[in-house]
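Quick notes on the structure that follows.
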Amino acid sequence: MDDAKAAELFAEYGDYCASERGLSKLTIQAYTRDIREFFQTLDIPAADIGEKHITAFLRKKRSAVSARTLARKICALRSFWKFLVEDGLAQRNPASALRSPRLESYLPDVLSIDEVEQVINRAARGRKTSLRNVAMVEVLYGSGLRISELISLRVKDVNPEVGFLKCLGKRGKERIVPMGDKASSAVKAFLLAAPAGEGDYLFRNPSGAPFSRMGVWKIIKKLCAASGITRRITPHTFRHSFATHLLQNGADLRVIQELLGHAQISTTQIYTHISTKRLRRIHRQFHPRG
């Protein structure tokens, strides 16, 4: 792989890991090292890489590294090709069948309803960008979009009058998602103040180009910090919060699956674990024998 092209690709992958998956800077650096190491063992184009190449690489590493390091390398390769497929840079994921050992359980962080309100209220205090930022956060939380779906929205894809939007999810799967009254009102106000043609992107940076993943993430980071939220929050946290709050208020898991665009119900079931974890915490806090 050409050095300049590789550097650009790994930078985009890093943005994906940070904004879509909420990974830390150190984890992204480790993943990038693992992927670079893998490509250094091969002299063929990425498009020609198959399961056998990845399996051979991992087989050699199995006796040289710890189980935890091996699991990280598997996660890195799997997520890298997932990124390539989602961005249309590869047709298939040769690492999708890899299974890494479950070293520890992971539950994504979520915002409380009050914290979401704090972020939105903070976004409304801006100047020229306040309407845009409010609309951005309201749509993220109100429709549970992935960051890639948010930045690819065009004006023609949203209908605030009826409260629905159309987005293109993973593997090019299109879905219609409700926006909610607050998000619809925010988008309507934003479009009235900054009208654009139907073919234009809904959220554009100052140069008129669509936002990058990192562009949105930087806005979210600033808003959360200004709201007094000190833990690490990414745009994807709003998607987790959307699903968790729906479940806590009685929404059916199958409905949440459809709204999120999950292919498998097992992917959506993690939100039941988040809800259970919250119930345990409340029970321990308030029950006299908790």
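Derivation of every value follows stated rules applied to the coordinates shown; laboratory data play no part. Treat the numbers as computed from the prediction; the structure is a model and nothing was measured.
Observations
- Rg to Rh quotient for region 113-281, alpha carbon positions, Kirkwood Rh: 0.95
- Of P178, P45, P94, the residue with the greatest mean-square motion in the GNM of the chain, using alpha carbon springs below 10 Å, is P45.
- The helix-based estimate of mean residue ellipticity at 222 nm for the chain, built from -39,500 (n - 2.57) per DSSP H run of four or more residues and divided by its residue count, is -18000 deg cm²/dmol to the nearest 500.
- Over all pairs of different C-alpha atoms, region 3-86 has a mean inverse distance whose reciprocal, the Kirkwood radius, equals 13.3 Å.
- Measuring spread by the Cα atoms of region 174-227 yields a radius of gyration and Dmax of 13.1, 35 Å.
- Cross-link table K82/K173; K61/K170; K5/K128; K25/K52; K188/K222, entries beyond 27 Å C-alpha to C-alpha: K61/K170; K5/K128; K25/K52
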